[in-house]
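Chemist: Please see the structure below; I have some questions.
Please treat every number below as a calculation from the coordinates, not as lab data. Since the structure is predicted, the reported quantities are computational estimates derived from the model, not experimental observations. Cβ: placed from backbone, ideal geometry, glycine included. Neighbour counts: every protein chain shown.
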Amino acid sequence: MKLLPVETALTFIEPGPLTLVTTFDAKKPNVMTISWTAAIDFNQHILLATGPWNYSFNALIKTKECVVCIPGPAMLKTAVKIGMLSGQTTDKFQKLHLKTYPAQQVKAPLLGGCIACLECRVTDYIASYGLVILQVLCVWKNERCRDTRLLHAVGDGTFTADGEKFCLRPLMKAKLPPGL
């Protein structure tokens, strides 16, 4: 074993997949890149970490709704560009030629080109940690996406894409919730 600086910890434990979170305030839609996400229970609650430093945060907290979009490898550069721009000064949809679709249960748009889009409502916000708890209301899968590997930010400007899949469903049958 080799001792590393404590700052490298996140490069080993970076949580869920890279996401693009769309919001809609009274004026316009926006999209932000979030890499700190996680599933937190079997009742379709997820969390993401964000705060006032993200322009979309105010719309997220005010409207209490968003769409969490899951980009695949084909959208990686676009996802990084989204994260490098501020919605306060830039219409990211126009600048990056993003295709949107209307959501069913929230005002924020679905984002074309993504593997899936999850319409969500905010159920809680834990300010001290910047954790936004979301209830997934509706799930959309993009049947046109061929490369459905999930992207993960390593935390140092590099990314990985999931690779080989291992099916242990028979072994886990007693723990899987209904519908999966």
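Chemist: If you average the C-alpha positions of segment 161-175 and of segment 1-74 separately, how far apart do those two centres end up, in angstrom?
Modeler: 25
Chemist: If amide H atoms are built 1.01 Å from N in the plane of the peptide, which residues on other chains or at least 5 residues away come under 5 Å of the amide H of LYS64?
Modeler: none
Chemist: Right, here's the next one. Note down the net charge around LYS28, summing +1 for each Lys or Arg and -1 for each Asp or Glu among other residues with Cβ under 14 Å from its Cβ.
Modeler: Net local charge, LYS28 excluded: +3.
Chemist: Note down the magnitude of the dipole of segment 6-175 about its Cα centre, charges +1 on Lys and Arg C-beta and -1 on Asp and Glu C-beta and zero elsewhere, to the nearest 20 debye.
Modeler: Details: 19 positive and 13 negative charges, 115 e Å.
For this selection, approximately 560 debye.
Chemist: Now, a different point. Using a Debye calculation, one point per C-alpha and no hydration shell, please list log10 I(q)/I(0) for segment 48-180 at q = 0.22 Å⁻¹ in order.
Modeler: Result of the Debye calculation: -1.56.
Chemist: Of LYS95/LYS165; LYS77/LYS141; LYS62/LYS141; LYS62/LYS92; LYS28/LYS77, which pairs sit farther than 25 Å apart, going by alpha carbon to alpha carbon? Intermediate results must be reported in sequence, preceding the final value.
Modeler: Values: LYS95/LYS165 36 Å; LYS77/LYS141 21 Å; LYS62/LYS141 27 Å; LYS62/LYS92 21 Å; LYS28/LYS77 23 Å.
LYS95/LYS165; LYS62/LYS141, as the Cα separations exceed 25 Å there.
Chemist: So, one more: Could you list VAL80, VAL132 in order of exposure, starting from the residue whose Cβ has the fewest other Cβ atoms within 10 Å?
Modeler: Details: VAL80 14, VAL132 26.
Ordered by Cβ neighbours within 10 Å, fewest first: VAL80, VAL132.
Chemist: Identify, among GLY130, THR89, ALA153, the residue whose Cα sits farthest towards the positive end of the charge dipole of segment 6-175, taking +1 on the Cβ of Lys and Arg and -1 on the Cβ of Asp and Glu, with the dipole about the Cα centre.
Modeler: Towards the positive end, the residue furthest out is THR89.
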